[in-house]
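These notes concern the structure reproduced below.
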Amino acid sequence: MKKLSIFTLMLLAVLACGKKETGERADIIHVFDSLDSLDTGRPLERSWISVAGGTNTYYVRSAVPFDVKWQDNGDNWGSVGAPEKIGENLWKVEVSAKPLSYRTLQKGESTYHKRYGVVLMSVPSVFLGSYLKVDQGMDVRRYDDFSAITGSEEPNTTHNDVLMKKWNATQKGLGYTSTVLPGQTDSTAWVYGKDGYVKLGSDRAIGADFIMPSIPSLQTDTLVVLTFNAVVQNGDVLPDFQGGTEPITPMSIGRRNADSGEMDNNVLTVRIEGGGYIRDFIEEGGTSITFTDIPTYDRSSSAYPKDIFNGSRYMVFIEGTDVNPLTVNTRIIFEAGNMDGQPMEKCNRIFLDDICVYRASPLFDEDIFTIAGRSGKDTLL
């Protein structure tokens, strides 16, 4: 039924563009995003509304009163108010939207995954119609929730963790790789599979990287947004945890040192290779950014260990330029700990999950970098 009504309005819009014998029909419906654009701009066919929600005001040129209606995929994330006449053949229409964080994610969807709506404008009595597409969010270039990765359910034990080199064909098929660091004579890169997420860095304080496969479609993009969840390994063990199949073994070094009380380093570096800059440092030509505020998780939570990534989402803004464009060879690399293969004084074990790369169109999408102000903890949603 919804598809039929949208198709019908699109057909009416086509009819509205037809000509009478005397020339262009006067009773057209054109939509603009500002009063200034009425005379200087072209009518809109597509618009966006902020991921934070809110209200957009549109100006409609129409010689006759018209009806408006909002349609989306059934989430009812938007609404449209009644047209308000503000001048001769000029009307104001307001479209409101819920924040994107209110959405219910479907299988395979990520947090900023784009959703769509349509503002339908019609005068059925004279077979007149028009429509405006409204988007919220960004297109996804790649999303990995690591549901295929297996390992210990309890974050603080390692008895079921699976080293990357021992992953099965499905897990290796995700395309991620890691560098075998100097001195690791057994060809081991210290990336582990956990229960639906991954761990970087060994319990002997040796670092690790985690390299995303290339995304060929990035060669057509200019602005890219990377999001991911990251938390620090909490080396304290929970002796009475009931979810494991074997007793929990304390970490060999652990996040807390019983004598000094020192903690794991909460440091994670994101680096770009093969094209593109970190947008925060584009003037300097920067291709890496280091975060020193990666949080730990709350073991006292009633939902533990299912909620270890709550409040841990980060955003990194990546931009291609004429000098250094995004390419089919662009790679995103996560690094935890030293990359020289030598043990650190303290562990730097990081858990990663829900890695997503979005394309932000300079023409049609909201530039959320202007809202966030910088790469770092996601404070938007």
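The values are calculated or read from the model by the stated rules, or taken from the named source; none is laboratory data. Being a predicted model, the structure only gives us computed values, none of them experimental. When we count neighbours, we look across all protein chains shown, and the Cβ atoms used for this are built from the backbone with ideal geometry, even at glycine.
Anything in segment 101-140 that is modelled with pLDDT under 95 and of a type in the set (A, V, I, L, M, F, W, C)? List them, or say none. Within segment 101-140, Leu105, Val123, Val126, Phe127, Leu128 meet the criteria. For segment 323-377, the set of residues classified as aliphatic (A, V, I, L, M) and either out of contact with any Leu (no Cβ under 8 Å at 6 or more places or on another chain) or part of a loop (DSSP other than H, G, I, E, B) (or both) consists of Val323, Leu326, Val328, Ile333, Met339, Met344, Leu363, Ile368, listed by residue number. The residues of segment 294-307 that are in contact (Cβ under 8 Å) with a residue 60 or more places away in the chain and either over 16 Å from Thr227 (Cβ atoms) or not assigned by TED's automatic domain parsing to the domain that holds Thr227 (or both), listed by number, are Thr296, Tyr297, Arg299, Pro305. All of Ile272, Ile253 fail the test of being in the same structural domain as Gly373 (by TED's automatic domain parsing) and at pLDDT 95 or above, apart from Ile272. When segment 317-350 is examined, which residues are found to be under 23 Å from Asp264 (Cα atoms), surrounded by 24 or more Cβ atoms within 10 Å (Cβ to Cβ) and under 18 Å from the mean Cα position of the chain (by Cα)? Of everything in segment 317-350, just one residue is under 23 Å from Asp264 (Cα atoms), surrounded by 24 or more Cβ atoms within 10 Å (Cβ to Cβ) and under 18 Å from the mean Cα position of the chain (by Cα), namely Phe334. Annotation: of all residues in segment 351-381 being polar (S, T, N, Q) and under 22 Å from Asn310 (Cβ atoms), the one that is modelled with the lowest pLDDT is Thr379. Between residues in segment 308-322 that are in the same structural domain as Asn266 (by TED's automatic domain parsing) and residues that are at pLDDT 95 or above and aromatic (Phe, Trp, Tyr), which pairs lie under 6 Å by C-beta distance while being six or more apart or on different chains? Pairs found: Tyr314/Phe228; Phe317/Phe369; Glu319/Tyr277.
Could you tell me whether Val95 is closer than 27 Å to Leu44 by Cα, in contact with a strand residue (DSSP E or B) (Cβ under 7 Å, 6 or more places away or on another chain) and β-branched (Val, Ile, Thr)? Yes: the conditions hold for Val95.
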